[in-house]
Amino acid sequence: MGQLVQDEAMQPFMNDIKKQLERKVSGVRDKLGVELADLQDIAGGEIGLGLVERENDRAAVVLTVDVTGHEQQLDDLLVKVRKDLSKRGAVRSNAEVAGTEMTTYTIPSGKEGVADTTAVYFVKDNLLCATDSALEAAEMLQRFDGQAGGRLVDLEAYQKTMGRCVAGSSGLEPEVRWYLDPFGYTRAIRSMATSGKKRIGKDYLKILSSQGFGAIKGIGGFINLAVGGSYEFLHRTAIYAPPVPGARDKYKLAMRMMKFPNDDKLITQKWVPRKLASFRTFNFDLANAFEHFDTLFDAVAGYEEAFDGVLEGLERDPYGPQVKVKQDFIAHLGQRVMLVTDYEVPISPQCERFLFVIELAGDESEKAIAATVEKFMKSDPNASKTEYQGKTIWEIQEADEDIPDLDIAIADLDLLDPIDEANSSGNDGGAFGADLSTSAVCVTEGNLFIASHASYLRKIFAHSDKEDELGTAGDYREVDAALTRLLAGPVSARSFLRTDEVYRPTYELLRQGKMPESETLLGRVLNRMLTAPDDEDEGILREQKIDGRKLPEFEMVRRYFGPAGTIVRSDEDGWFIVGATLSKMAPQANHQNISAGRSRIR
């Protein structure tokens with residue numbers, strides 16, 4: 001990836017990206033008067049960036065830099081900060097706190113009704129500390145004495161997540177270490193929203209908290225780049241969700257849905273095609289999830305027994321399928337779920353194809369599910385029945401249907417510029433709605449197949465040669481072996497991605513200037529990140545921020561993208577995730593060396 005960004009053909013695009021990044025990190029520059037380029041000059045060790053939740057107050061942004069051996073560069077930076085903030089009308093004051101000189105700048109907002117901001121600097125034990133909260137600065141100084149209490153390192157969730165990553169890293173020191181309290185982080189982001197702006201829509205943070213998901217105490221991990229010539233990217237992530245004291249089923253309410261059993265049978269099935277962009281599979285106790293879904297559904301709907309009402313309608317409505325969902329459908333599902341993605345050419349916003357598959361409980365279950373699906377389809381005026389290679393396929397014309405937004409936007413995961421993202425209004429629309437105008441359903445070979453496009457489902461069924469199976473592909477086997485080495489034993493989830501194929505639709509849409517129209521899974525995520533909250537609320541198509549016309553042809557950069565995968569294990573107190581992107585360059589170099597050797601022999 002480092003070679004990719006240094007490729008001469010990529011330089012016009014990379015220059016544009018750098019400008020975008022500079023604008024994106026303007027939040028830190030505006031608050032503290034420091035730019036990323038400044039940190040490169042003064043850093044003699046780690047750089048830390050934090051968002052600290054403060055009770056009944058705005059969250060604090062905190063920056064720490066180990067300046068060992070760079071004292072002169074630090075002095076130069078502090079002079080630059082003083083001059084820059086003075087130009088903005090900041091008032092400077094100095095005070096000694098606990099034997100340490102603390103410099104505070106009060107920066108006028110220049111806007112009526114908007115409070116002035118504060119930037120506080122001090123240096124302690126060769127560590128530059130900067131924050132936009134005077135109270136947080138004073139508390140940071142108190143924590144320097146090493147006494148327990150109030151420090152991140154004393155927090156059980158932090159200890160558990162970091163300890164799990166250490167145990168699984170085989171002694172490899174991380175180059176990036178990260179941690180967050182998911183609910184605390186969301187509250188912190190909200191605290192920084194523009195005052196006076198009313199939230200609209202449902203409060204999904206409150207709903208999820210009330211449904212027991214607060215049992216997820218912390219998420220953290222290690223990241224390493226360019227490991228031993230084998231991995232471009234290697235990450236280990238721990239999710240700490242210990243059993244809730246007094247809970248009968250480990251957790252409470254809807255959180256009890258989160259059962260992902262481990263086993264050693266998450267291998268590809270023969271129908272999985274060799275040609276694809278990604279393959280994901282995981283175990284999920286669907287029967288258990290169904291049992292505990294009702295309270296979450298009711299909370300989102302806003303009234304009790306809403307879910308029971310839906311089930312009753314499906315069973316008794318004379319114009320409906322008249323299906324007992326639990327007995328006729330859920331009881332016959334297995335616990336393995338699979339997702340396959342690919343795309344069609346020419347590349348367009350609607351080029352992605354995906355297939356969602358649920359393994360069934362057995363032969364009798366296949367008959368029962370087929371009968372239930374037929375009831376559902378016959379009650380749907382947009383469904384039609386076709387036959388293909390002896391298989392019954394139901395094709396459905398469907399309208400757009402949005403999935404609710406959980407209000408923890410990916411765009412919010414940006415400590416560098418949280419204020420711009422903090423005004424999320426909690427709309428009820430989501431990023432993953434899709435127009436499945438030619439979707440299809442089929443029950444066969446012990447599975448329930450649900451495809452985004454009927455043509456893609458037929459394509460899946462068409463391949464029959466063993467050499468066309470994913471399990472025989474060299475890159476798949478290479479990734480699978482690497483993941484097994486990184487985390488051996490039973491697991492609850494595995495994934496395989498050909499990153500060149502996964503990224504290609506997004507890349508081409510960037511070049512075409514059509515990225516905001518993308519309906520690919522990755523495209524929707526990126527659009528959700530980049531769409532302004534107000535535009536999203538009003539359904540306005542965002543303007544593409546990056547000039548993709550400067551990108552070279554995809555075939556020129558495809559060689560930089562290697563295969564990747566992720567593996568997940570369910571633990572008693574949460575989940576442990578290991579993911580890696582394999583280097584393409586090392587295998588290519590080995591192949592070139594072998595070829596050269598053969599030429600010399602000849």
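The values are calculated or read from the model by the stated rules, or taken from the named source; none is laboratory data. None of the values given here were measured: they were computed from a predicted structure. We place every Cβ from the backbone using ideal geometry, glycine too, and count neighbours over all the protein chains shown.
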Checklist outcome for this item: Taking the range 61-104 and keeping residues closer than 14 Å to Asp30 by Cα and in contact (Cβ under 8 Å) with a residue 60 or more places away in the chain leaves Val61, Val62, Leu63
Next on the checklist: Quick check on Val79: is it within 30 Å of Asp571 (Cβ to Cβ), loosely packed, with under 13 Cβ neighbours inside 10 Å, at pLDDT 90 or above and aliphatic (A, V, I, L, M)?
Outcome noted: no
Checklist entry - Do we find a residue being buried (at least 18 other Cβ atoms within 10 Å of the Cβ), touching a residue at least 12 places away in the same chain (Cβ under 8 Å), farther than 25 Å from Ala473 by Cα and hydrophobic (A, V, I, L, M, F, W, C) anywhere in the range 269-283? => result no
Checklist entry - What single numbered condition from (1) farther than 30 Å from Ala493 by Cβ; (2) part of a helix (DSSP H, G or I); (3) not aliphatic (A, V, I, L, M) fails to hold for Gln327? => result (1)
Checklist entry - Can you tell me which residues in the range 292-308 are in a helix (DSSP H, G or I) and surrounded by 14 or more Cβ atoms within 10 Å (Cβ to Cβ)? => result His292, Asp294, Thr295, Leu296, Phe297, Asp298, Ala299, Val300, Ala301, Ala306, Phe307
Checklist entry - Does any residue of the range 358-370 turn out to be in a loop (DSSP other than H, G, I, E, B), more than 34 Å from the chain's Cα centre (by Cα) and among the charged types (D, E, K, R)? => result no
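Looking only at the range 552-602, which residues are at pLDDT below 50 and outside any helix (DSSP H, G or I)? Walk me through it before giving the result.
From the range 552-602, those at pLDDT below 50 are 587-602; that's our starting set.
Within the range 552-602, just Arg602 meets the criteria.
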Next on the checklist: Restricting to the range 130-153, give me the number of residues that are among the hydrophobic types (A, V, I, L, M, F, W, C), at pLDDT 90 or above and touching a helix residue (DSSP H, G or I) at 6+ places or on another chain (Cβ under 7 Å).
Outcome noted: 2
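Scan the range 13-24 and tell me whether some residue there is more than 30 Å from Arg549 (Cβ to Cβ), exposed (fewer than 15 other Cβ atoms within 10 Å of the Cβ) and not hydrophobic (A, V, I, L, M, F, W, C). Quick ask: steps written out before the conclusion?
Looking only at the range 13-24, we keep the residues that are more than 30 Å from Arg549 (Cβ to Cβ), and these are none.
No, because not a single residue in the range 13-24 is more than 30 Å from Arg549 (Cβ to Cβ), exposed (fewer than 15 other Cβ atoms within 10 Å of the Cβ) and not hydrophobic (A, V, I, L, M, F, W, C).
Please find, within the range 336-357, the residue that is nearest to Arg274 (Cα to Cα) out of those that are in contact with an Asp or Glu (Cβ under 7 Å, 6 or more places away or on another chain) and surrounded by fewer than 20 Cβ atoms within 10 Å (Cβ to Cβ). Can you show your working first?
Filtering the range 336-357 for residues in contact with an Asp or Glu (Cβ under 7 Å, 6 or more places away or on another chain) gives 336, 341, 343, 347, 349-353.
Applying the additional criterion that residues be surrounded by fewer than 20 Cβ atoms within 10 Å (Cβ to Cβ) yields 349-351.
Numbers: Pro349: 24, Gln350: 22, Cys351: 19 Å.
If we take residues in the range 336-357 being in contact with an Asp or Glu (Cβ under 7 Å, 6 or more places away or on another chain) and surrounded by fewer than 20 Cβ atoms within 10 Å (Cβ to Cβ), then Cys351 is nearest to Arg274 (Cα to Cα).
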Next on the checklist: Checking Glu352 against (1) modelled with pLDDT of 95 or more; (2) among the charged types (D, E, K, R); (3) in contact with a Pro (Cβ under 7 Å, 6 or more places away or on another chain): exactly one of these is not met. Which one?
Outcome noted: (1)
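Hey, among the residues in the range 153-173 that are surrounded by 14 or more Cβ atoms within 10 Å (Cβ to Cβ) and farther than 20 Å from Thr484 by Cα, which one's farthest from the chain's Cα centre (by Cα)?
So the first thing to find is which residues in the range 153-173 are surrounded by 14 or more Cβ atoms within 10 Å (Cβ to Cβ), and the list is 155, 157-162, 164-166, 168-169, 172.
Still in the running and farther than 20 Å from Thr484 by Cα: 155, 157-162.
On the way: Leu155: 24, Ala157: 20, Tyr158: 20, Gln159: 23, Lys160: 21, Thr161: 18, Met162: 19 Å.
Of everything passing the filter in the range 153-173, Leu155 is farthest from the chain's Cα centre (by Cα).
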Item to check | Hits in the range 196-243 - residues which are closer than 23 Å to Ala482 by Cβ, over 21 Å from the mean Cα position of the chain (by Cα) and of a type in the set (Val, Ile, Thr) | outcome: Val227
Checklist entry - In the range 302-316, which residues are within 18 Å of Ala371 (Cβ to Cβ) and of a type outside the set (A, V, I, L, M, F, W, C)? => result Glu315
Next on the checklist: Within the range 1-100, considering only helices (runs of 4 or more DSSP H) that don't extend past its boundaries, which have at least 3 residues that are more than 30 Å from Lys111 (Cβ to Cβ) and out of contact with any strand residue (DSSP E or B) (no Cβ under 8 Å at 6 or more places or on another chain)?
Outcome noted: 2-6, 11-24, 71-87
